Amino acid sequence: MKKLLAFGACALFGTCAGAGENGASWIWYPGDFENFLSAQFSSKITYKGALSPADWKISGHYPCVYFFKDYDIKEPETVKIASQGKFAASIDRKIFFAGEPPEITLPAGRHTLKIAVFNYEKIPAIRVDGPSVKSDRSWRVKIDRANAEFEEVERARGLPITRAATDYGFCRPDNPPAKFELPRREIKPAKTEKSPGKIFSDFGEETFGFVKFKGLRGKGTVAVYYGESPEEANSDEHCEVFGKYSFDLEKPADVALPDAQGFRYARAVFSGGLAADEMLMDFEYADIAKRGSFKSSDGLLNRIWDVSYRTLFLTAREFFVDGVKRDRWVWAGDAAQSYLMNYYSFFDLPTARRTLWANRGKEPDTKHVNRIMDYSFYWLDSVREYYLYTGDSAFVKDIYPRMKTLADFCISRADENGFAVGRKDDWVFLDWAPMPKSGILCAEQILFARALDSLSECAKIAGESEDCEKFAAMSRGLKEKTLKLFWDDARGTLRHSYENGNFSEKTTRYAGMFAVLFGFLDAQKAEKIRDNILLNGSVQKITTPYMRFYELAALCEIGKHDYVLDEIKSYWGGMLKEGATSFWEVYNPDEKGAQHTAMYGRPFGRSFCHSWGASPLFLLGRYFAGVRPTKAGYSEYEAAPELSKLGWFKASVPTPFGEIKISMDKNSVEIKSDGGIGTLRLKSAAEPICPGLKFKSDGGGKYSARIEPKKTYRIRYEKI
């Protein structure tokens, strides 16, 4: 376990320096590892005993990759080569050797070393280690001629054919990327009931892993029915996930089943001469450290944070998935929220990077990300958010070519006025609620404009100044056209949709909340959206935690923290009253009994562990602890704590350099940061007092002060 945690630290920004291997690392073509892992991951998902891979394009790896290194050394040097696949090397285009010798000697002077690696089953990767020549991000990579059609696409779009190699986290020569796997540990059930030919186990809380039998013996079959409720596990007909397995064992053995599932309850039914002494499980999990925290005077709120943490911990796997029972697919909309929750809990960057790459896949583009138009927009914005929280410019440079080609695809599908519209085979989702989804949707234009903003910022990081200006101009233009078309001054709202010359009469929350959240509106319009939409009980309510995330964040942006705190306690607290040990895909307080488990026309179709249910991790860290980066990687940040109705809180927010710790009660605030320059913002009836800290009045009872790193500040204030 310690070894895996060390891997995570090594992988933070993709360097093996200081990892005991002299800085050499395994390198591969950008995105190859993630696409390979995604294909492997998808092949393991089952539904009702059958394979259930994602129903969109699944990209694999490139089978042949060329690795290049220009070097200049004064003396000949021997390097050791480890390869994941067959390879051949050349120096200055002359074949030097083929095969897999453990080491070669490089001639002195200025030369180009090229290594071609071929592997259909696993990603082509190399590790080169010498006194000065080592495999790292300074190497360039190129795909083989068999994939020349993709090169032509990229060349036509002005994208580079050779790229910087990727090297995240695999340092040791005996640990190539294909060996990546999640750890496991054995767990016993909280309660077990045995009857002839049957074992029923309750593991006490939502979990994920492999059912395991102790003392399995005889010849016959075992059917295992999994459930997030006892009723589901006891239903042969309607159980969402089950498996049947045959064994012929001469003597008793401890056997773990080959399929991992998400569940709380499991029922094993034995037939023939098969039997077992005990049913346990091997819990499979991401070995990630808990870095963020939030504790307060409110016990219910503390429980909500803890269960939110458990929810995200379970859905953080090889990738950030939607749920552990189903679908276990890598949806970009779900992941967009998982990233933000992650930045306030685990700060797990390797999983974030893997998920971003896996969602994007390879060229050519024929459909939106996950087939959903809005998910393409969320994906583009998620790259910008990743950079803001981490400062990892190398990742942005790696993935920017894929951002640009996705942008080209999105732009090509816009209408003649530049509005994003659903085309044939597109899924315009937004939310599960009933609403018009054809024509021009206002919320989709806001998401599109936000994505174009993100493209502009990432283009600047990637050194693409023309793209930066182009996408910024497109975003400005789309914002102006959207507000001109959709703002209804008489009603003080943004209309929902426009089609064939007519506006929809349906009023929804989506456009207004996104416009407020992303700062698209002036103060006057934002107040009208607050009063006429967000706080208007007659507007159709949102019942998915997915969109409650954005709705409550928007309300915090306009200062409604008391309201949001009540909503968190009521909505997520309502799930706890129903016995939730992780948060659900959908929760409707008006539903009763079996209604809570039903969805998609199936009695147990609802997921009881869904990543988007963990919203309080983000909401409490971002808007109550009040911490957010204002420059990449928290080089500069803001802390604007809000006590609201709480008596006190203590929070820790993870950053690339450590933590920002902040606590608050009705009279005082304490803050300390391990790095970065902070701006503390407080509301106080009088100027706050802290020795050595000078506050500036910002008007209206608001004050600000500069926070230096490595110092503990204890401030007295008067609560307004």
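The values are calculated or read from the model by the stated rules, or taken from the named source; none is laboratory data. Note that the structure is predicted; figures quoted are calculated from it, not measured. Here the Cβ positions follow ideal geometry from the backbone for every residue, glycine too, while neighbour counts run over all protein chains shown.
Given the conditions (1) in contact (Cβ under 8 Å) with a residue 60 or more places away in the chain; (2) assigned to a helix (DSSP H, G or I), and given that Ala459 satisfies all but one, which numbered condition is not satisfied? Single failed check for Ala459: (1). Can Ala266 be described as assigned by TED's automatic domain parsing to the domain that holds Val330 and of a type in the set (Gly, Ala, Ser)? Answer is no for this residue. With respect to Val241, is the statement that it is closer than 20 Å to Gly613 by Cβ, touching a strand residue (DSSP E or B) at 6+ places or on another chain (Cβ under 7 Å), β-branched (Val, Ile, Thr) and surrounded by 17 or more Cβ atoms within 10 Å (Cβ to Cβ) true? Yes. Applying the condition of being surrounded by fewer than 16 Cβ atoms within 10 Å (Cβ to Cβ) and assigned to a loop (DSSP other than H, G, I, E, B) to the range 256-308 and asking which residue is farthest from the chain's Cα centre (by Cα) yields Gly273. When you scan the range 422-432, do you find a residue that is in contact (Cβ under 8 Å) with a residue 40 or more places away in the chain, surrounded by fewer than 20 Cβ atoms within 10 Å (Cβ to Cβ), over 27 Å from Arg628 (Cβ atoms) and in contact with a Ser or Thr (Cβ under 7 Å, 6 or more places away or on another chain), even just one? Checking the range 422-432: at least one residue is in contact (Cβ under 8 Å) with a residue 40 or more places away in the chain, surrounded by fewer than 20 Cβ atoms within 10 Å (Cβ to Cβ), over 27 Å from Arg628 (Cβ atoms) and in contact with a Ser or Thr (Cβ under 7 Å, 6 or more places away or on another chain).
In summary, Arg622 fulfils each of the numbered conditions (1) under 21 Å from Leu314 (Cα atoms); (2) part of a helix (DSSP H, G or I) with the single exception of condition (1).
Regarding Val117, is this residue touching a Ser or Thr at 6+ places or on another chain (Cβ under 8 Å), assigned to a strand (DSSP E or B), buried (at least 20 other Cβ atoms within 10 Å of the Cβ) and not small (Gly, Ala, Ser)?
Yes, satisfied.
Is there a residue in the range 74-84 that is surrounded by fewer than 17 Cβ atoms within 10 Å (Cβ to Cβ), modelled with pLDDT under 90 and more than 30 Å from Glu240 (Cβ to Cβ)? For the range 74-84, residues surrounded by fewer than 17 Cβ atoms within 10 Å (Cβ to Cβ), modelled with pLDDT under 90 and more than 30 Å from Glu240 (Cβ to Cβ): absent.
Could we say that Lys69 is within 41 Å of the chain's Cα centre (by Cα), surrounded by 16 or more Cβ atoms within 10 Å (Cβ to Cβ) and in a strand (DSSP E or B) here? Yes.
So, Asp334, is that one in a helix (DSSP H, G or I) and either touching a Gly at 6+ places or on another chain (Cβ under 7 Å) or touching a residue at least 40 places away in the same chain (Cβ under 8 Å) (or both) or not? Yes.
Could you tell me whether the range 341-353 includes any residue that is under 17 Å from Lys404 (Cα atoms) and at pLDDT 95 or above? Spell out the reasoning first.
Step one: list which residues in the range 341-353 are under 17 Å from Lys404 (Cα atoms), which gives none.
No: zero hits.
Can you tell me how many residues within the range 645-677 are touching a residue at least 60 places away in the same chain (Cβ under 8 Å) and in contact with an Asp or Glu (Cβ under 9 Å, 6 or more places away or on another chain)? Qualifying residue count for the region: 11.
Just checking, which of Glu642, Glu638 is in contact with a His (Cβ under 8 Å, 6 or more places away or on another chain), surrounded by fewer than 24 Cβ atoms within 10 Å (Cβ to Cβ), in contact (Cβ under 8 Å) with a residue 24 or more places away in the chain and of a type outside the set (Phe, Trp, Tyr)?
Glu642
To keep it simple, each residue is scored yes or no on (1) assigned to a helix (DSSP H, G or I); (2) surrounded by 18 or more Cβ atoms within 10 Å (Cβ to Cβ); (3) in contact with an Asp or Glu (Cβ under 8 Å, 6 or more places away or on another chain).
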| site | (1), (2), (3) |
| --- | --- |
| Arg476 | yes, no, no |
| Lys481 | yes, no, no |
| Lys484 | yes, no, no |
| Arg491 | no, no, no |
| Thr508 | no, yes, no |
| Ala511 | yes, yes, no |
| Phe514 | yes, yes, no |
| Phe520 | no, yes, no |
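With the condition kept exactly as written, say whether any residue in the range 609-625 is crowded, with 18+ Cβ neighbours inside 10 Å, without any contact (Cβ under 8 Å) to a residue 24 or more places away in the chain and farther than 27 Å from Pro434 by Cα. The answer is no; no qualifying residue exists. Of Phe419, Phe471, all but one fail to be among the hydrophobic types (A, V, I, L, M, F, W, C), in a loop (DSSP other than H, G, I, E, B) and not assigned by TED's automatic domain parsing to the domain that holds Ser338; the exception is Phe419.
Taken together, the criteria place Pro603 among residues that are farther than 23 Å from Glu551 by Cβ and in contact (Cβ under 8 Å) with a residue 12 or more places away in the chain.
Return yes when Trp331 is assigned by TED's automatic domain parsing to the domain that holds Met474, surrounded by 20 or more Cβ atoms within 10 Å (Cβ to Cβ) and at pLDDT 95 or above and no when it is not.
No; evaluated as a whole, the condition is false for this residue.
Evaluated against (1) of a type outside the set (Asp, Glu); (2) under 27 Å from Glu585 (Cβ atoms); (3) not in a loop (DSSP other than H, G, I, E, B), His238 falls short on exactly one condition, (3). The residue of the range 522-552 that is farthest from Val586 (Cα to Cα), among those that are assigned to a loop (DSSP other than H, G, I, E, B) and of a type outside the set (S, T, N, Q), is Asp522. Identification of strands (runs of 3 or more DSSP E) wholly contained in the range 650-701 with 1 or more residues that are surrounded by 15 or more Cβ atoms within 10 Å (Cβ to Cβ) yields 658-665, 668-673, 677-683. If I filter the range 556-574 down to residues being under 25 Å from the mean Cα position of the chain (by Cα) and without any contact (Cβ under 8 Å) to a residue 40 or more places away in the chain, which single residue comes out as nearest to Trp612 (Cα to Cα)? Applying the filter and picking the extreme gives Tyr571.
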